[in-house]
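Below: one structure, written as structure tokens.
Read-outs throughout are calculated quantities, based only on the coordinates presented, and are distinct from any laboratory measurement. Just so you know, these numbers come straight off a predicted model, no measurement behind them. A quick note on method: Cβ atoms are made from the backbone with ideal geometry, for glycine too, and the neighbour counts reach across all protein chains shown.
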Amino acid sequence: MPEFENYIEYGLDISRANESPVRVLQDATGVGRCGVGSTVWDAGLVLAKYLDKQTQDGTLSLSGKTVLELGSGTGLVGLALAKLQPACTVILSDKSELVPLLERNISLNCAQPNTTAVCLDWCDPESGSAVGPVDMILVSDGVWASELHAPLAETLGRLAGEHTRVILAFESRNFEEEAMFVALWSQKFRFHDIKPQDQHPVMQSEDIFLFEGQRK
Ligand SMILES: C[S@@+](CC[C@H](N)C(=O)[O-])C[C@H]1O[C@@H](n2cnc3c(N)ncnc32)[C@H](O)[C@@H]1O
């Protein structure tokens, strides 16, 4: 597909027996038309492997549930979850320019049948209105730009129901800005950090934080 001819493949192993690695095409330069979302970010790797560990431990069972990923980028996190939890429905989402890459990466994983890609722009309150109630929302590295903090917090507030679990992962780059996002988020959500000992033993970092929250 010429649109992605300069992209390279990235693979992430998951622990599920007989399951092949998650494969995504990415623009490792991150300078192409799709912007920052066309590259796999480290917080996404940490989140994907946390979901892997939870699945292996038997503490995460999403059978019959619907999971929405916001700002999916290449889709690595949501695609990993779709393989780990084949009986759940996964909706990958991002701005419109990323949807073709998400669709391409879904097909790269044998057209993962439980996974779709939609346009959901945090800055457009109408976008994503077709997405129904969801049981879980995942966001990895969604707080890297302070101008998106309010739209992201508003989107989470709009899409999360009373029982929706929200898991955020981000790499710390500017503590003051990130604290401002957390303060904004805490207006509508209660949350706790996911401790390093509960994360994947290897795929974790002292700079990458995981939080789980729910509406107040
Ligand atoms: C830093 S990247 C992280 C990508 C991916 N989650 C990962 O961990 O590899 C941030 C993502 O947020 C998306 N994004 C930026 N602004 C957005 C908006 N207004 N609405 C929805 N997604 C947005 C970008 O396109 C990009 O995919």
Report, in deg cm²/dmol and to the nearest 500, the calculated mean residue ellipticity at 222 nm for the chain, where each DSSP H run with n ≥ 4 adds -39500 (n - 2.57) and the sum is divided by the residue count.
-8000 deg cm²/dmol
Please list, by residue number, every one of the trypsin sites (Lys or Arg not before Pro) in the stretch 133-187 that is coil in DSSP and has at most 13 other beta-carbon atoms within 10 Å.
Arg173
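Taking the Cα centre of the chain as origin, sum charge times position over the Cβ atoms of Lys and Arg (+1) and Asp and Glu (-1), and report the length of that vector in debye to the nearest 20. Can you show the working numbers first?
Details: 17 positive and 30 negative charges, 144 e Å.
In total the dipole reaches around 700 debye.
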Using a Cα-Cα cut-off of under 13 Å, which aspartates and glutamates could be cross-linked to Lys49, ignoring same-chain neighbours fewer than 8 residues away?
Asp13, Asp57, Asp198
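Going through the stretch 122-157, which GluC sites (Glu not before Pro) have at most 12 other Cβ atoms within 10 Å and a DSSP loop state?
Numbers: sites: Glu126, Glu147, Glu154; in loops: Glu126.
Hits after loop and neighbour filter: Glu126.
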GNM flexibility winner over the chain from Ala82, Ala17, Ala130 (Cα, springs under 10 Å)
Ala17
Phi-based couplings in Hz for the stretch 91-104 (Karplus 6.51, -1.76, 1.60; Gly and Pro marked x):
10, 8, 8, 5, 5, 4, 5, 8, 4, x, 5, 4, 5, 4
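Counting Lys and Arg as +1 and Asp and Glu as -1, what is the net charge of the other residues whose Cβ lies under 12 Å from the Cβ of Leu120? Don't jump to the answer; show the numbers that get you there.
Details: positive: Lys95, Arg158; negative: Glu69, Asp94, Asp121, Asp124, Glu126.
Here the count lands on -3.
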Which residue fluctuates most in the GNM of the chain (Cα springs below 10 Å): His200, His149, His192?
His192
Find out how many positive minus negative residues lie around Gln204, taking Lys and Arg as positive, Asp and Glu as negative, among other residues whose Cβ is under 11 Å from that of Gln204.
-1
Theoretical gain in end-to-end length, Thr29 to Cys119 [0.36 nm per residue, Cα-Cα removed]:
30.1 nm
At the level of C-alpha centres, the distance separating the stretch 128-152 and the stretch 168-193, in angstrom, is 13 Å
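Inverting the mean 1/r over all pairs of different Cα atoms, compute the Kirkwood radius of the stretch 81-178 and quote it in Å.
Numbers: mean 1/r = 0.0683 Å⁻¹.
This gives a value of 14.6 Å.
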Contour minus Cα-Cα span, Val202 to Glu3, at 0.36 nm per residue, comes to 68.2 nm
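Compute the projected area of the convex hull of the Cα atoms of the chain, averaged over all viewing directions, and report it in nm² to one decimal place. Walk me through the numbers before you get to the answer.
Values: hull surface 44.8 nm².
For the chain, averaging the hull's shadow over all directions gives 11.2 nm².
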Scoring the chain by relative contact order with C-alpha pairs under 8 Å, at least six apart, yields a percentage of 18 percent
As I understand it, the dipole of the chain uses +1 on the Cβ of Lys and Arg and -1 on the Cβ of Asp and Glu, about the Cα centre. Which of Leu159, Val202, Ser96 lies farthest toward its positive end?
Leu159
Binned Cα-Cα distances of the stretch 1-118, short to long, each 10 Å bin given as a whole percent
15, 50, 29, 6, 0
Kindly list the residues of the stretch 180-216 that lie in the label zone of Glu162, defined by a backbone N under 12 Å from the point 7 Å along the Cα-to-C-beta vector.
215-216
If you average the alpha carbon positions of the stretch 1-70 and of the stretch 78-95, how far apart do those two centres end up, in angstrom?
9 Å
Residue among Ser129, Ser205, Ser93 with the largest mean-square fluctuation in a Gaussian network model of the chain, springs linking Cα atoms under 10 Å:
Ser129
